[in-house]
Amino acid sequence: MSLPVLLALAAGSTPSPSPATSTGPVTPTLQDAQESATHAASWVEENWSTWLAIGLRVLLILVVAAVLRVFVRRAITKLIDRMTRTVQAVDGTALGGLLVNVERRRQRSQAIGSVLRSVASFLIMGTAALMILGTFEINLAPLLASAGVAGVAIGFGARNLVTDFLSGVFMILEDQYGVGDVIDAGVASGEVIEVGLRVTKLRGDNGEIWYVRNGEVKRIGNLSQGWATAGVDVTVRSSEDLDHVRAVIDDVAETVSKEEPWNERLWGPIEILGLDSVLLDSMVVRVSAKTMPGKASSVERELRWRIKRAFDAADIRIVGGPTPVEEEPPLDPTSAVAAPSALGNPASPQSEATAPIPAPSGAPK
């Protein structure tokens, strides 16, 4: 083979460079842009119906939730207003005297309405949020599990706050007490001036204000609901005539029952229950009456006042208390002075007889 032929074969076996193996930047062509636009248009055409369906579903959920929330809140507000108007209608009547005052009912209604509105809004909007997340095909299981764990952690960390809140809700719903009531809450006692979902404010007998957490109240004694009992114990001498004592007390009871304002505060006749105790020098007569709530103390004080005056007029002595100490007669100032003695005079025969015998002059000392 000749040299020119070999050179020709070597030249033909060497590959020529192609545009694909160039290391420079690739410039998109008009054909590439047309293909990308075609793919995007086809993708939008294939998924626009899904997007529209999801958007309409989310919008429908939001509209239904908002309308339902407004409807429920208005219904709760109308119910609370109707309760308040009903209480105002019976205020000042015979039925209203047995009920609590208007201010207490108003605050209780407002508290119940606030709780119901908050609970309704939370349930409606929370349910709507979960439905929206489900519309986007988001897996709610991890979210609900995380929310459950967070709720348990918050419950343990703020258990006192949760306990106070739940106790306040049940106290208001059960109408255990309200503004104007005199209660004994164990940790404090006094007149209720404000009822909250977490704290109850009481005003004590000396004017102090107690802030009592609702979760700390284990038992409640309400002294302003229903009726109260006024009890007076009268202690007289055991030698008094019981029929005479009863007659005097009956006259006092009849007089008090006919006078203002005691005839309104007394909800029953003043009764003499009998002898409560009998001792050697005294006996106790028990007097009782059913009164308006919160007025037992004033009725008791009035009865004691009138019974004491009536007993003084009837010459009936009231006894009791510490026994008076009788004063001792003054001592004789001469009782501490010794009687005169013959031995006090050294010149007396008695003193000379008791004097020592002198020793003889010649005797040794």
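Miscellaneous remarks
- Residue tally, condition at pLDDT below 85 and among the aliphatic types (A, V, I, L, M), over region 172-186: 3
- Filter pass, Leu273 being of a type in the set (A, V, I, L, M, F, W, C), farther than 30 Å from Asp175 by Cβ, in contact (Cβ under 8 Å) with a residue 12 or more places away in the chain and open to solvent by 30 Å² or more (accessible area, probe 1.4 Å): yes
- Tally, over region 103-133, of residues that are open to solvent by 40 Å² or more (accessible area, probe 1.4 Å) and either assigned to a loop (DSSP other than H, G, I, E, B) or without any contact (Cβ under 8 Å) to a residue 40 or more places away in the chain (or both): 10
- For region 238-259, filtering for residues that are of a type in the set (D, E, K, R) and either within 15 Å of Ile307 (Cβ to Cβ) or at pLDDT below 85 (or both) leaves 6.
- Selection within region 298-320 - touching a strand residue (DSSP E or B) at 6+ places or on another chain (Cβ under 8 Å) and free of Cβ contacts under 8 Å to residues at least 60 places away in the same chain: Lys308
- Qualifying position, being at pLDDT below 85, within 43 Å of the chain's Cα centre (by Cα), closer than 17 Å to Thr235 by Cβ and part of a loop (DSSP other than H, G, I, E, B), among Gly320, Gly268: Gly320
- So Val179, is it touching a Ser or Thr at 6+ places or on another chain (Cβ under 6 Å) and of a type in the set (Val, Ile, Thr): no
The values are calculated or read from the model by the stated rules, or taken from the named source; none is laboratory data. Quantities reported herein were computed from a predicted structural model and do not represent experimental measurements. Glycine also receives a Cβ, built like all others from the backbone with ideal geometry; neighbour counts cover every protein chain displayed. When the accessible area is computed, the model is the full protein with side chains, heavy atoms only, and any ligands, DNA or RNA have been set aside. Shrake-Rupley method; radii C 1.70, N 1.55, O 1.52, S 1.80 Å.
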